[in-house]
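So the structure is just underneath, and the comments pick up after that.
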Amino acid sequence: MKTIKIKIPATTSNFGSGYDVLGAALKLYNEFEVDYEPSNKSECVNLEISGEGEYELPRNNKNIICKTLLFALNKLKTGKYRFEIKSINRIPLTKGLGSSASARLAGLIAANRICNNKLSEKEILEIATKLEGHPDNIVPALFGGLCICNFDEKNVIYNKIKMPNDLKAVFCVPDFEISTDNARKILPDKVFLKDAVFNSGRVGFFISAINQKKYELLSIAMDDKIHQPYRKKLIPGADKVFKSAIKSGAYGVCISGSGPTILAISNKRFELRIGKAMQKEFSEHRINSKIIICDFDNEGFKYA
């Protein structure tokens, strides 16, 4: 059997104001090893999972990476293969950190490599985005950095800028889940014009704050009126967690993706203090949580 090894970064999206528009890659990775050989039938004959989801995720063709790999092989029509997969998962599941995007990208990238790279990067990006439904996790997982992206149901438009290396991502991950579907269903179908204007201004502040290292703007830039006021209802104590992060020295704070994980952006001096403060607020609501502190990744996926 031949082997492909892939590392896909976790991602955080929205940054408050940039709903479905902003996303960034993190130095927290899922690793996949795909062993494959020609066969008369395309199928996954063995899937080993360790780490996050070890006891919950399916170990058959219903797993996202297997489904995506089989879908891509069928689409490429360049032969049939049997494969075995080892998945080392470090990205928490259904917590707003891009775990599904990592699995979908791994399946597509592996299938493309098996078929001698028939797909271009653009094609991988567009297929993965259609499968995921939105681009703000897929784009940074693929390319790294902070990505501004848009999807018009046909084309993915994006631009990447580097995240500064003096910023830390501090995550407080509560021990309950929010499905992306439920987090989207709670949102209104229409927004007020004044709220759209509010958010577009904050997105501008966010990008300029990162580009110019004016981090004092992040507390304003990560404010939002389109999705967080609704999603906070699904996260007990969210407002107090936000306030505790800012009080402890965070530049800005938001829900990571669709939640329930809370992200604070910090310097290296206050990172642990901020994480513990958020954790304490969750505990006041009888919610256990864990802290993840990591750097931002400016490279995206890698062959290991």
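What are the residues in region 155-191 that are assigned to a loop (DSSP other than H, G, I, E, B) and free of Cβ contacts under 8 Å to residues at least 24 places away in the same chain, if any? Talk me through it step by step, then tell me what you get.
Filtering region 155-191 for residues assigned to a loop (DSSP other than H, G, I, E, B) gives 155, 162-167, 175-179, 186-191.
Listed by number, the residues that qualify are Asp189, Lys190.
Anything in region 280-293 that is within 23 Å of Ala25 (Cα to Cα) and either buried (at least 18 other Cβ atoms within 10 Å of the Cβ) or among the aromatic types (Phe, Trp, Tyr) (or both)? List them, or say none.
Step one: list which residues in region 280-293 are within 23 Å of Ala25 (Cα to Cα), which gives 289-293.
The answer is Ser289, Ile292.
From the list Glu52, Glu43, pick out the single residue that is at pLDDT 90 or above, in the same structural domain as Ala106 (by TED's automatic domain parsing) and among the acidic types (Asp, Glu). I'd like the intermediate steps shown before the answer.
Working: Glu43 fails: at pLDDT 90 or above.
Exactly one residue qualifies, and that residue is Glu52.
If I filter region 91-102 for residues that are at pLDDT below 90, assigned by TED's automatic domain parsing to the domain that holds Leu142 and closer than 21 Å to Arg59 by Cβ, do I get at least one hit?
Yes, region 91-102 has at least one match.
Might you check whether a residue that is assigned to a loop (DSSP other than H, G, I, E, B), surrounded by 13 or more Cβ atoms within 10 Å (Cβ to Cβ) and either under 17 Å from the mean Cα position of the chain (by Cα) or among the aromatic types (Phe, Trp, Tyr) (or both) occurs anywhere in region 52-64?
yes
Looking at Asp20, is it farther than 30 Å from Ile265 by Cα, at pLDDT 90 or above, of a type in the set (Asp, Glu) and surrounded by 14 or more Cβ atoms within 10 Å (Cβ to Cβ)? It would help to see each step written out before you state the result.
Values: farther than 30 Å from Ile265 by Cα: no; at pLDDT 90 or above: yes; of a type in the set (Asp, Glu): yes; surrounded by 14 or more Cβ atoms within 10 Å (Cβ to Cβ): yes.
The answer is no for Asp20.
Residue by residue through region 224-259, note down the ones that are under 21 Å from the mean Cα position of the chain (by Cα), hydroxyl-bearing (Ser, Thr, Tyr) and either in a strand (DSSP E or B) or crowded, with 22+ Cβ neighbours inside 10 Å (or both).
Answer for region 224-259, where residues must be under 21 Å from the mean Cα position of the chain (by Cα), hydroxyl-bearing (Ser, Thr, Tyr) and either in a strand (DSSP E or B) or crowded, with 22+ Cβ neighbours inside 10 Å (or both): Tyr251, Ser256, Ser258.
Which of the residues spanning region 23-49 are buried (at least 24 other Cβ atoms within 10 Å of the Cβ) and either of a type outside the set (Phe, Trp, Tyr) or farther than 16 Å from Ala72 by Cβ (or both)?
Of region 23-49, the ones buried (at least 24 other Cβ atoms within 10 Å of the Cβ) are 23-26, 30, 32, 34.
Scanning region 23-49 gives Gly23, Ala24, Ala25, Leu26, Asn30, Val34.
So, Pro9, is that one assigned to a loop (DSSP other than H, G, I, E, B) and in contact with a strand residue (DSSP E or B) (Cβ under 6 Å, 6 or more places away or on another chain) or not? First the steps, then the outcome.
Working: assigned to a loop (DSSP other than H, G, I, E, B): no; in contact with a strand residue (DSSP E or B) (Cβ under 6 Å, 6 or more places away or on another chain): yes.
Spelling it out, it is not the case that Pro9 is assigned to a loop (DSSP other than H, G, I, E, B) and in contact with a strand residue (DSSP E or B) (Cβ under 6 Å, 6 or more places away or on another chain).
Name the one entry in Leu187, Leu119 that is farther than 20 Å from Pro9 by Cα, in the same structural domain as Ala25 (by TED's automatic domain parsing), over 19 Å from the mean Cα position of the chain (by Cα) and modelled with pLDDT under 95. I'd like the intermediate steps shown before the answer.
Details: Leu187 fails: in the same structural domain as Ala25 (by TED's automatic domain parsing).
Only one candidate passes the filter, namely Leu119.
The values are calculated or read from the model by the stated rules, or taken from the named source; none is laboratory data. Everything numeric in this text was worked out from a predicted model, so none of it was measured. Because the Cβ atoms are built from the backbone with ideal geometry, glycine has one as well, and the counts that use them run over all protein chains shown.
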